[in-house]
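The values are calculated or read from the model by the stated rules, or taken from the named source; none is laboratory data. The model shown is predicted, which means the values in this text are computed figures rather than measured ones. Note that each Cβ is placed from the backbone with ideal geometry, even for glycine, and that neighbours are counted across all protein chains shown. We work out accessible area using only protein heavy atoms, side chains counted, and drop any ligands, DNA or RNA first. Shrake-Rupley method; radii C 1.70, N 1.55, O 1.52, S 1.80 Å.
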Amino acid sequence: MFLAMESVRAAVYLSVCLSVLTSLCQGQRSADNELPPAPDEPFIGLTTKELAEALQGFLDEADSSVGLSVEKKASVIPRCDVGERCAMKHGPRIGRLCDCLRGTACNTFFLRCY
């Protein structure tokens, strides 16, 4: 019994020492383990600059053909009259259909302007 307890104590002491040593040495690395800087030599016959230009040309072409725009389009929400349905329920979420007129609000239970 005493021998088993002593071996467990030694194992715990060893694991604590190893974890402390690992945490102290985790951030320190030698210069030998670092990767050398990437050379600007050709990769499959193309340099980094040529690859970047080709990618930019592809993205410009794709942007012009699809008609995507970076600018945010202004969303126009129509106005609802009093008593009109102003929202839809999708499970726990409520989606707005229109904005209620001034002085009224969208009732989240009836989903109508009141």
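Is it true that some residue in segment 61-72 is at pLDDT below 85 and surrounded by 12 or more Cβ atoms within 10 Å (Cβ to Cβ)? Checking segment 61-72: at least one residue is at pLDDT below 85 and surrounded by 12 or more Cβ atoms within 10 Å (Cβ to Cβ). Of everything in segment 81-114 that is charged (D, E, K, R) and in contact (Cβ under 8 Å) with a residue 12 or more places away in the chain, the residue that is most open to solvent (accessible area, probe 1.4 Å) is Arg96. Output yes when any residue across segment 20-33 is at negative phi, open to solvent by 100 Å² or more (accessible area, probe 1.4 Å) and at pLDDT 85 or above, and no when none is. No; the residues of segment 20-33 include none that is at negative phi, open to solvent by 100 Å² or more (accessible area, probe 1.4 Å) and at pLDDT 85 or above. Of all residues in segment 88-114, those satisfying the criterion of being aliphatic (A, V, I, L, M) and part of a strand (DSSP E or B) are Met88, Ile94.
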